[in-house]
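What follows draws every value from the coordinates through simple rules; no lab data is involved. None of these values were measured; they are calculated from a predicted model. As a convention, Cβ positions derive from the backbone with ideal geometry for all residues, glycine included, and neighbour counts pool all protein chains shown.
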Amino acid sequence: MNNSRQSLSPAEAHPSSLTGDERSGDTSFAKRNGPFDALVLDANLRQSLVSVRSLGRRGMRVAALEVESLAASVPTFSSRWCRQAFVAPSYEQAPEPYLHYLEQLLDSTQVRVLITSSDGTLAVLRQHREQIERRARIALASESALAIAINKDRTLEIARELGLGIPQGIHVESISDVPDALRDVGLPAVVKPVESWLWGGNQESERLVSKLVTTPDEARSAVEELTRLGGTVLFQQFLSGRREAVNLLYAHGEFYARFAQWAKRTQPPLGGTSVYRQSIAVPQDIGDQSERLIRAIDLEGYSEVEFRRDATGKPYLMEINPRLSASVEVAVRAGVDFPHLLYQWANGDPIDRITSYRTGGWMRYLEGDFLTTVQSITQRGRPGVTPPGRAIFEFLTSFFVPAHYDYLNWQDLRPGLAATKKFSGSMVQRLRKLASRRP
């Protein structure tokens, strides 16, 4: 297999550094870099590596792209199936340089399908979708469906109309609303941003994550932080039951693939990405609810519908992810290749119909699992956090349970080595910071 790749440095990647021929889409530049069946954005994410491997091993030409602020060590770039690595300007402060670079890249390399996996790039693509789609097909649902799926308020409103379980909660716009929220919902509670990615003034942007609060002071602090850029939040009841998710590929009014998983451990411990998860048969209750919700929104393409159960086992809808999720590899390992199905849909090809998959398989993200175990010590006693002794025991005994590991693929070893090196470096930095704080 021809596996030549050209990894561009941040300086080379910035649009202002491109030569005149490259900026104008000179054919020699196109021949040197393309064409590509797919360009996978957000290369630093685990699901992006899964996508590159999924499509590459089928003989497709796949390239990957990451922004310069995250491009110091990207495991996806070292994959045998990554034909070329691109580094673009960051978009956190202003999306224009990123967008300009992406447009030049698409013009000169002839990309068929663009695949995104992060809230940030999804937001950029939504803002400039029309001009990007003149150059490549974007593997995302329609704008009308996305506008509902990424907004928790609108998602929960439709779910409520369908009769799905909704966590008790109240809409909060500022600190002044916190007393009402405490009275109606109580503590502990979860403060959730209505949208996970928010653009503020002067093009400032930020990814917002949910926060567990156990005191009035924590509640006020969380609301103040999450509404800083003008967004609103949901103040919801805390549910500590089993976390389950249904993954779907929906198109043309039909479901082509269904999959379910449960997360035994997440990072951070409350509602973070799953770091130790297992494939399960689709539970009848959340399977039916997920399909009705996706149909009502008409959310085509890939989606992950997340639920939490209460102490009695009743499921409550948490959110929808309308993009490839970090946990998708457990589905691929079980026989449901969502990245390939997503590509087929986006490219207008016939879509494979998946009717069964292997259940009981474990998937582990070792770095995240290690950090979750550490947090069980630093956050001991907080709701939803496993006691330290039990957390350490479960972390160690998990090595004796047969499982696949994120990044590790015996046919593609270099990403695993790159991820290990990156994690080791970050741990050394953490230890140095701890040592410097000692008297």
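Tabulated results
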read-out: Virtual spin-label span in nm between E130 and E225, 7 Å along Cα→Cβ; value: 3.9 nm
read-out: Per-residue HN-Hα couplings for region 357-364 [Karplus 6.51, -1.76, 1.60; θ = phi - 60°; Hz; x = Gly/Pro]; value: 7, 7, 9, x, x, 9, 10, 10
read-out: Fewest-first ranking of F393, F255, F86, using other Cβ atoms within 10 Å as the exposure measure; value: F393, F255, F86
read-out: Calculated Rg and Dmax of region 67-163 using C-alpha coordinates, Å; value: 15.9, 49
read-out: Antiparallel DSSP beta bridges within the chain, as percent of all bridges there, nearest 5; value: 75 percent
read-out: For region 226-233, Karplus couplings with θ = phi - 60° (6.51, -1.76, 1.60), whole Hz, Gly/Pro x; value: 7, 9, 4, 8, x, x, 10, 9
read-out: Gyration tensor over alpha-carbon atoms, region 292-439, equivalent ellipsoid semi-axes in Å; value: 34, 22, 16
read-out: Relative counts (whole %) of C-alpha pair distances in region 168-237, using bins that are 10 Å wide; value: 24, 56, 18, 3
read-out: Simple label model, 7 Å out from Cα along Cβ direction - S424 to F393, nm; value: 3.2 nm
read-out: Principal axes of region 131-174: Cα extent on each, largest first, Å; value: 44, 29, 12
read-out: Calculated FRET efficiency for the pair N151/L417, C-beta based, R₀ 45 Å, to 0.05; value: 0.65
read-out: Cα-based Rg and Dmax for region 112-187, where Dmax is the largest Cα-Cα distance (Å); value: 17.4, 53
read-out: Rh by Kirkwood over Cα pairs, then Stokes-Einstein D for the chain at 1.306 mPa s and 10 °C, µm²/s; value: 70 µm²/s
read-out: Tally of Lys pairs whose C-alpha atoms are under 28 Å apart, taken over the chain, 8 or more apart or cross-chain; value: 16
read-out: Neighbour-count order for R323, R207, fewest beta carbons within 10 angstrom listed first; value: R207, R323
